[in-house]
Amino acid sequence: MATSGMIGESRVSDPVTIVIFGASGDLTRRKLIPALFIAYAQNLLPATFAIVGFARRDYDDEIFRDMMAKDIKAFSRVPANEETVARFVEHIRYHKGDISSPDAYGELREKFRDTETYPENRLYYLSIIPSLFEPAVGLLKSEGLIAGPGSSLWTRVVIEKPFGRDLESAMALNAALLGHLDESQIYRIDHYLGKETVQNILSFRFSNAIFEPVFNRSYVDHIQITASETVGMESGRGGYYDEYGAIRDMVTNHLLELLCLVTMEPPGDLSAEAIRNEKVKVLNAAQLDIRKDISDTVCRGQYGGGVDEDNQHIKGYREEDRIDPHSQTETFAAMRLKIDNWRWAGVPIFLRTGKRMAKKTTEIAVQFKVPPLQLFQHVECKEDVCDITRVKPNTLIFRIQPDEGIFLKVGTKRPGMRFVVEDVKLDFSYSGTWSKSLPEAYERLLLDTLHGDSTLFTRSDEVEAEWRVVQPILDHFDKLKPYAYSPNGWGMPEADWLFHCTEGHWRNE
Ligand code: BG6
């Protein structure tokens with residue numbers, strides 16, 4: 001059985017044809033082709049491979065290759081050597097066709113008769129709108145382009161989120177895909193799982209014996225997971241985003257995946273199934289921490305307009321391109337969850353995400369309880385305002401991006417005559433420790449699909465468990481009208497209410 005992390009940097013051995021559906025889109029140009037190029041430049045792709053771009057635009061092989069060569073130079077994480085790019089694009093071909101029309105698949109099958117050019121193991125990457133997932137897979141199946149799971153050749157299908165719009169549609173999508181494919185052939189990509197720092201959560205938790213004993217309800221006060229972004233609706237994202245909003249776009253996948261990694265039980269081994277089983281278990285135990293009403297547990301927001309430092313107008317969400325001027329879609333969401341199991345019962349878990357916020361930050365903060373006896377309180381005055389300063393709780397922060405690293409906040413004595421305790425940071429940062437630049441999420445994930453390692457991909461029951469957590473919110477949107485918040489801040493004060501008048505508050509750092 002493939003074990004994640006053991007094979008990541010070895011060369012893929014099986015010859016393969018990679019077909020990218022929706023090849024004229026942004027994802028192909030900015031992420032997929034540059035990621036495949038880096039794998040090629042590092043000699044990680046197999047000796048024989050073909051990449052086929054499948055889309056409707058009127059390109060041919062030459063035009064498409066030239067475009068991809070330019071995109072590699074523009075978007076590759078490492079400098080792209082001219083000669084290596086030229087050798088790489090020789091493997092690229094273009095297939096013009098309508099993804100929803102059977103003819104296009106018949107023509108593809110004809111091309112695939114040339115098995116020297118197009119190896120028979122196939123990776124289909126569906127970078128297309130979700131409503132086309134099932135028709136595309138159905139046509140691949142009916143045209144005989146999918147090898148059965150028991151065959152000596154393999155077929156794998158990668159799909160990009162969103163995996164449905166709610167629990168019901170996610171279940172219908174899973175059922176439809178599983179009508180044509182075996183679960184082991186489906187790779188649901190969540191690019192957060194490809195981030196180096198996200199993978200490090202598991203390594204850190206389960207390779208350091210000192211933290212595990214305190215990762216539970218006896219020592220942890222609460223956990224906060226934040227993914228804030230400064231961007232709004234740039235690059236024409238409005239159309240998609242207005243249909244989905246922050247909860248569907250970020251919470252039901254990235255944020256809940258982070259929650260799984262930081263709260264799941266240790267798996268018995270590192271196999272894909274063992275890890276995913278533990279994730280599903282913790283998701284099944286997670287739910288909104290509702291006291292009286294759903295509105296004391298969830299907060300939705302939408303950014304309004306404002307002005308920047310140069311007094312220039314910042315567009316509010318409803319003024320953005322391709323957004324309904326009366327839209328009620330949230331661009332910010334915060335919520336309070338609980339996990340009903342022995343480890344986490346009674347520990348609130350806060351999730352928050354938003355666009356047009358003060359800073360781009362993704363982090364998980366595990367805040368521990370304060371010591372049982374406050375020995376080091378003191379009075380501190382600024383001008384004529386005095387306050388009692390107490391020891392701050394220890395916080396362990398997994399910083400996913402930027403400044404990737406892990407930090408532990410501890411109290412230490414400030415030098416001087418008095419016993420005054422201050423917060424300092426014990427830190428490990430990737431940039432300070434290793435000179436190597438971190439691989440892009442897609443580099444790792446694409447190689448994993450070629451190796452057949454599904455550890456970092458979401459299983460169907462995991463997707464459904466994620467939707468189950470947020471479904472009560474979707475059912476009550478009318479009770480949770482979005483509040484307006486100012487751009488370039490930290491959302492709105494109402495999000496602090498989720499702490500239910502305790503001393504807790506969001507870390508806005
Ligand atoms: C995507 C969302 O999945 O993740 C986007 O659809 C979001 O709305 C993006 O901007 C954030 O990814 P990252 O890697 O920049 O944190």
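Yes/no matrix, rows are residues, columns are (1) touching an Asp or Glu at 6+ places or on another chain (Cβ under 8 Å); (2) farther than 30 Å from Met250 by Cα; (3) within 16 Å of the ligand (Cβ to nearest atom):
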{"site": "Met67", "(1), (2), (3)": "no, yes, no"}
{"site": "Phe88", "(1), (2), (3)": "no, yes, no"}
{"site": "Tyr94", "(1), (2), (3)": "yes, yes, no"}
{"site": "Glu116", "(1), (2), (3)": "no, yes, no"}
{"site": "Leu123", "(1), (2), (3)": "no, no, no"}
{"site": "Pro130", "(1), (2), (3)": "no, no, yes"}
task = Report, by residue number, each residue of the range 134-171 that is more than 16 Å from the ligand (Cβ to nearest atom), in contact with a Phe, Trp or Tyr (Cβ under 7 Å, 6 or more places away or on another chain) and either on the phi > 0 side of the Ramachandran plot or free of Cβ contacts under 8 Å to residues at least 24 places away in the same chain (or both).
result = none
key: Enumeration of residues in the range 383-425 that are of a type outside the set (A, V, I, L, M, F, W, C), in contact with an Asp or Glu (Cβ under 7 Å, 6 or more places away or on another chain) and within 23 Å of Pro372 (Cα to Cα)   = Asp387, Thr389, Lys392, Pro393, Lys409, Gly411, Thr412, Arg414
request  = Return the residue satisfying two criteria in turn: it lies in the range 216-255 and is closer than 21 Å to Asn200 by Cβ and within 13 Å of the ligand (Cβ to nearest atom), and of such residues it is nearest to the chain's Cα centre (by Cα).
outcome  = His254
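Answer yes or no: is there a residue in the range 57-77 that is without any contact (Cβ under 8 Å) to a residue 60 or more places away in the chain, outside any helix (DSSP H, G or I), touching a Ser or Thr at 6+ places or on another chain (Cβ under 9 Å) and of a type in the set (A, V, I, L, M, F, W, C).
no
Just to check your reading of the model, which residue among Leu446, Leu408 is under 18 Å from the mean Cα position of the chain (by Cα) and aliphatic (A, V, I, L, M)?
Numbers: Leu408 fails: under 18 Å from the mean Cα position of the chain (by Cα).
On inspection, the qualifying residue turns out to be Leu446.
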query = Of the conditions (1) more than 17 Å from Arg156 (Cβ to Cβ); (2) aliphatic (A, V, I, L, M); (3) part of a loop (DSSP other than H, G, I, E, B), Val12 fails just one. Which one is it?
reply = (1)
ask   = Taking the range 172-191 as the search range and keeping residues that are crowded, with 16+ Cβ neighbours inside 10 Å, modelled with pLDDT of 95 or more and assigned to a helix (DSSP H, G or I), which one is nearest to the ligand (Cβ to nearest atom)?
value = Leu173
request  = Of the numbered conditions (1) buried (at least 20 other Cβ atoms within 10 Å of the Cβ); (2) β-branched (Val, Ile, Thr); (3) not in a strand (DSSP E or B), Ile159 fails exactly one; give the number of that condition.
outcome  = (3)
request  = Of the conditions (1) closer than 25 Å to Asn253 by Cβ; (2) surrounded by fewer than 18 Cβ atoms within 10 Å (Cβ to Cβ), Glu320 clears all except one; give me its number.
outcome  = (2)
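Which residue is farthest from Thr455 (Cα to Cα), if the candidates are limited to the range 257-293 and must be of a type in the set (A, V, I, L, M, F, W, C) and touching a Pro at 6+ places or on another chain (Cβ under 6 Å)? Reasoning before the result, please.
Narrowing the range 257-293 to residues of a type in the set (A, V, I, L, M, F, W, C): 258-262, 264, 270, 272, 274-275, 280, 282-283, 285-286, 288, 290.
Narrowing the set further to residues that are touching a Pro at 6+ places or on another chain (Cβ under 6 Å) leaves 274-275, 288.
Working: Ala274: 9, Ile275: 7, Leu288: 27 Å.
Going through the qualifying residues, I end up with Leu288.
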ask   = Do we have any residue at all in the range 254-266 that's more than 24 Å from Asp221 (Cβ to Cβ), surrounded by fewer than 23 Cβ atoms within 10 Å (Cβ to Cβ) and at pLDDT below 95?
value = no
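Do any strands (runs of 3 or more DSSP E) lying entirely in the range 335-423 carry at least 3 residues that are within 16 Å of the ligand (Cβ to nearest atom), and which ones are they? Before you say what the answer is, go through the steps one by one.
Details: elements: 349-354, 361-368, 378-382, 385-389, 395-401, 405-413.
It comes to 349-354, 361-368, 395-401.
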ask   = List the pairs whose first member sits in the range 229-240 and is under 18 Å from Gly301 (Cα atoms) and among the hydrophobic types (A, V, I, L, M, F, W, C), whose second member is more than 10 Å from the ligand (Cβ to nearest atom) and modelled with pLDDT of 85 or more, and whose Cβ atoms are under 8 Å apart, counting only residues at least 6 apart or on separate chains?
value = Val231/Arg356; Met233/Tyr317; Met233/Glu320; Met233/Asp321; Met233/Arg322; Met233/Ile323
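The values are calculated or read from the model by the stated rules, or taken from the named source; none is laboratory data. Predicted, not measured: the structure shown is a model, and the values here were computed from it. Cβ atoms come from the backbone with ideal geometry, glycine included; neighbour counts cover every protein chain shown.
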